[in-house]
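Q: First the structure, then my questions, so here it is.
The values are calculated or read from the model by the stated rules, or taken from the named source; none is laboratory data. Just so we're clear, the structure is a prediction, and the values are computed from it rather than from any experiment. Cβ: placed from backbone, ideal geometry, glycine included. Neighbour counts: every protein chain shown.
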Amino acid sequence: MLVALALDGSTRASAAQSEETSPTEEQAHARFEAWATQEALVAGGEVSALTVVELDGHPGAELVARVCHDGGWSETLLVEQAGHRWQVLHESWGHVPVCRSSAASATWNGHGDELLLLDEGPGAMSERRLAIVDDELVVFSEWHADHQRVSQARWDLASRRNEGVSARVVPIRSAAAVPETGPTFVLAGREHWSGHQDGEIRATVERRAGGTLLLRVGLVDDDRREGLGGDRIQVWWVDPQDHKLKGLDVRSEPTGGLRSIPLRSQGLPPAVHGTIHGLEVVLPMRLPDTKIGLQVPLTVVAYDVDADGTTRMATSEYDGHAQSLGLMRYVPGGGDYEPAGKRLADASPFDVLPPPPSSK
């Protein structure tokens, strides 16, 4: 259950006068509101929502504030659990602001032991779920392609912005990987694209024995076209060895097999398996030491050929230059996900004190 906090001046005053090590619920709320207000002042934004919600599945709700800044294109989430605090920064990956001003109603919904945050843009939608697991703050995303299947990925690993370019991060998993959903960017032919059921890219990378990296791509398509002139997949990456942009074009043969052609490279193409709509690519790189992280610029491009035209989609706003690629990323240790946000100093009774006067 999600409840809005409404605190008056007398509550704040009682919190300021309290010297108890375990403040009352009202005092904790007042302290948190005062801290969120000061953080908003520092960020040059405003607190658009202040809520109580269950995040860890245990008795005692957590406090969450949402600070909007940069005109709503950026947000800071402030979280407090029994005096422990976190700060999570996020920027919009689409062309829609990630949060609203205090003049509009918040798009938050309490759901069990999680907090759902809506993030949407042209051709993509994400429900971010904030939760506390094993005393660590984590944030997941649920990308809805249809009503039958939902995949999950950390939102801060699922998208990024680089010099104004929005892109998806394709994660490297340590076990048998199922292609994951994420933002699919329509680069051309939007007039032929009716939504995720019409065409969508799912992608993930599996780290196999010996460090081999196997890229798995799933192309959701309601009108599959085989053959050399039908649907096809391209993969673009920056080679970790020579730092050059290289690519691979994969199409289906009339006989049902796959034809792969290297792009911007004179060597043999990487090995490929499966079909255009369920493709596996053995990437020409390895991850031998699992204690070291790996980040490689990488984007998957799909050409969805239908009767009314071709739609070109990708996992980033790819324009042919390396700067517009997405990112393939491996997070070492602790499983597939790392903790989200920044752990801050614990709550203090001094949070309710007014900010120092401006020097102006």
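Q: Can you tell me how many residues within the stretch 193-219 are farther than 14 Å from L283 by Cβ, of a type in the set (A, V, I, L, M) and within 20 Å of the chain's Cα centre (by Cα)? So that I can check it myself, show each step before the final result.
A: Here is the first cut: in the stretch 193-219, the ones farther than 14 Å from L283 by Cβ are 193-202, 209, 218-219.
Narrowing further to those that are of a type in the set (A, V, I, L, M): 201, 209, 219.
Filter once more, so that each one left must be within 20 Å of the chain's Cα centre (by Cα): 201, 219.
Going through the stretch 193-219 one residue at a time, the tally reaches 2.
Rundown of residues vs (1) closer than 27 Å to D319 by Cβ; (2) modelled with pLDDT of 90 or more; (3) in contact with a helix residue (DSSP H, G or I) (Cβ under 8 Å, 6 or more places away or on another chain); (4) acidic (D, E), yes/no style:
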{"residue": "D223", "(1), (2), (3), (4)": "yes, no, no, yes"}
{"residue": "D231", "(1), (2), (3), (4)": "yes, no, no, yes"}
{"residue": "W236", "(1), (2), (3), (4)": "yes, yes, no, no"}
{"residue": "D239", "(1), (2), (3), (4)": "yes, yes, no, yes"}
{"residue": "S252", "(1), (2), (3), (4)": "yes, yes, no, no"}
{"residue": "P262", "(1), (2), (3), (4)": "yes, yes, no, no"}
{"residue": "G274", "(1), (2), (3), (4)": "no, yes, no, no"}
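Q: Right, another one. Quick one: in the stretch 175-231, which of the residues that are over 30 Å from T290 (Cβ atoms) and among the hydrophobic types (A, V, I, L, M, F, W, C) is surrounded by the fewest Cβ atoms within 10 Å (Cβ to Cβ)?
A: Going residue by residue through the stretch 175-231, those that are over 30 Å from T290 (Cβ atoms) are 185-200, 220-231.
Imposing the further condition that a residue be among the hydrophobic types (A, V, I, L, M, F, W, C) reduces the set to 185-188, 193, 220, 228.
Details: F185: 26, V186: 19, L187: 16, A188: 14, W193: 21, V220: 22, L228: 10.
This residue is L228.
Q: Can you tell me which of Q234, Q241, Q266 is in contact with a Phe, Trp or Tyr (Cβ under 9 Å, 6 or more places away or on another chain), polar (S, T, N, Q) and in the same structural domain as E317 (by TED's automatic domain parsing)?
A: On the way: Q241 fails: in contact with a Phe, Trp or Tyr (Cβ under 9 Å, 6 or more places away or on another chain); Q266 fails: in contact with a Phe, Trp or Tyr (Cβ under 9 Å, 6 or more places away or on another chain).
Checking each option against the conditions leaves just Q234.
Q: Does the stretch 211-219 include one or more residues that are part of a loop (DSSP other than H, G, I, E, B), out of contact with any Phe, Trp or Tyr (no Cβ under 8 Å at 6 or more places or on another chain) and not hydroxyl-bearing (S, T, Y)? Write out each step before concluding.
A: Step one: of the stretch 211-219, the residues part of a loop (DSSP other than H, G, I, E, B) are none.
Within the stretch 211-219 (the criterion being part of a loop (DSSP other than H, G, I, E, B), out of contact with any Phe, Trp or Tyr (no Cβ under 8 Å at 6 or more places or on another chain) and not hydroxyl-bearing (S, T, Y)), the answer is no, since none of the residues qualifies.
Q: Does the stretch 198-250 hold any residues that are closer than 17 Å to P297 by Cβ and basic (K, R), and which are they?
A: So the first thing to find is which residues in the stretch 198-250 are closer than 17 Å to P297 by Cβ, and the list is 201, 203-205, 213, 215, 217, 234-248.
Of everything in the stretch 198-250, those that are closer than 17 Å to P297 by Cβ and basic (K, R) turn out to be K244, K246.
Q: Now for a different question. When the residues of the stretch 178-192 are narrowed to those that are under 23 Å from the mean Cα position of the chain (by Cα) and part of a loop (DSSP other than H, G, I, E, B), which ends up farthest from D308 (Cα to Cα)?
A: Here the answer is V178.
Q: Taking L283 as the residue in question, decide whether it is closer than 15 Å to T212 by Cα, in the same structural domain as G199 (by TED's automatic domain parsing) and either over 19 Å from the mean Cα position of the chain (by Cα) or surrounded by fewer than 13 Cβ atoms within 10 Å (Cβ to Cβ) (or both).
A: Working: closer than 15 Å to T212 by Cα: yes; in the same structural domain as G199 (by TED's automatic domain parsing): yes; either over 19 Å from the mean Cα position of the chain (by Cα) or surrounded by fewer than 13 Cβ atoms within 10 Å (Cβ to Cβ) (or both): yes.
Yes.
Q: Follow-up. Tally time: how many residues in the stretch 228-276 are touching an Asp or Glu at 6+ places or on another chain (Cβ under 7 Å) and among the basic types (K, R)?
A: The total comes to 3.
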